[in-house]
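The values are calculated or read from the model by the stated rules, or taken from the named source; none is laboratory data. On a predicted model such as this, the values are computed, not experimentally measured, just so you know. When we count neighbours, we look across all protein chains shown, and the Cβ atoms used for this are built from the backbone with ideal geometry, even at glycine. Calculation scope for accessible area: heavy atoms of the full protein, side chains included, ligands and nucleic acids excluded. Shrake-Rupley method; radii C 1.70, N 1.55, O 1.52, S 1.80 Å.
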Amino acid sequence: MSPAGLRPQRGDEPVSGLTAILLPDELVLSASLRLPGNASYEECQQAVALAVQADCPFPPEDTAWGVRIDPMDHGAASSTLVRYAMAARGHVARHCAERHMPPDAEVWAWVEGAPVVLDGYGEHRRHRIRRQRLLQVSGLVALFLLLLVALAAVPVLHRRQQAFDAQNDYQALASRAAPAAAAREALRARQCAYRRPAPACRGAA
């Protein structure tokens, strides 16, 4: 069994909005592995692939299986819990046909208190829904960033507008005060002319 069918834990979570059927326990072979917390995803893949090869009684071409990888954080003693389930595709097909399940329905198995999604059932619809949700989230994030930029720019634009308004007010005030200033200067010039002493006559005794 090739480990190529394995998917990360986030990809194995059930997705709301999908049609799924839960296989009865008698149709499922399941087990779990507990690996070190620092085990990489590739190491988890290799370990589960070896376990499936050893435990699966069905021919590889008739085997449907899935895996769920959950990090278990217990401080210094952290570990990785790997649950996996196996079923015969013929059994799954008959079970789904008896219950008139649509062809794009997902198939789940319950393993140690958690759902495991079997590969080969409903992936296209699952991936489409995930892409749609990713686009929606990306759009919301972009909108949020635009709002943050707009909120940050509002005070700057407000202060800039205040500076423009003050400059315009000053220019308008200067324009209105120009005639009064000119009249005041003219009055001052006439007053100076009146106060200027008359020149003395030449040749006076």
Practice prompt. Collect the residues in the range 86-117 that are without any contact (Cβ under 8 Å) to a residue 60 or more places away in the chain and of a type outside the set (Asp, Glu), keeping them in residue-number order.
Written response: Met86, Arg89, Gly90, Ala93, Arg94, Ala97, His100, Pro103, Gly113, Ala114
Discussion item. Out of the residues in the range 164-182 meeting the condition of being among the aliphatic types (A, V, I, L, M) and surrounded by 10 or more Cβ atoms within 10 Å (Cβ to Cβ), tell me which one is farthest from the chain's Cα centre (by Cα).
Written reply: Ala182
Worksheet item: Out of Ala93, Ala87, which single residue is in a strand (DSSP E or B) and closer than 20 Å to Pro24 by Cβ?
Response: Ala87
Discussion item. Could you check the range 48-59 and list, in sequence order, the residues that are open to solvent by less than 30 Å² (accessible area, probe 1.4 Å) and not in a loop (DSSP other than H, G, I, E, B)?
Written reply: Val48, Ala49, Ala51, Val52
Fill in: Of all residues in the range 25-65 being out of contact with any Pro (no Cβ under 9 Å at 6 or more places or on another chain) and among the aromatic types (Phe, Trp, Tyr), the one that is modelled with the highest pLDDT
Phe58
Practice prompt. Identify the single condition in (1) at pLDDT 75 or above; (2) surrounded by 11 or more Cβ atoms within 10 Å (Cβ to Cβ); (3) assigned to a helix (DSSP H, G or I) that Asp119 does not satisfy, given that it satisfies every other one.
Written response: (3)
Response to the item:
Within the range 94-112, residues being open to solvent by 50 Å² or more (accessible area, probe 1.4 Å) and in contact with a Lys or Arg (Cβ under 9 Å, 6 or more places away or on another chain) number 2
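Yes/no per residue for (1) open to solvent by 20 Å² or more (accessible area, probe 1.4 Å); (2) under 28 Å from the mean Cα position of the chain (by Cα):
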{"position": "Leu23", "(1), (2)": "no, no"}
{"position": "Arg34", "(1), (2)": "yes, no"}
{"position": "Glu61", "(1), (2)": "yes, no"}
{"position": "Met72", "(1), (2)": "yes, yes"}
{"position": "Met86", "(1), (2)": "no, no"}
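Going by the conditions given, is Arg202 among the basic types (Lys, Arg), at pLDDT 75 or above and open to solvent by 80 Å² or more (accessible area, probe 1.4 Å)?
Details: among the basic types (Lys, Arg): yes; at pLDDT 75 or above: no; open to solvent by 80 Å² or more (accessible area, probe 1.4 Å): yes.
Against the criterion (among the basic types (Lys, Arg), at pLDDT 75 or above and open to solvent by 80 Å² or more (accessible area, probe 1.4 Å)), Arg202 does not qualify.
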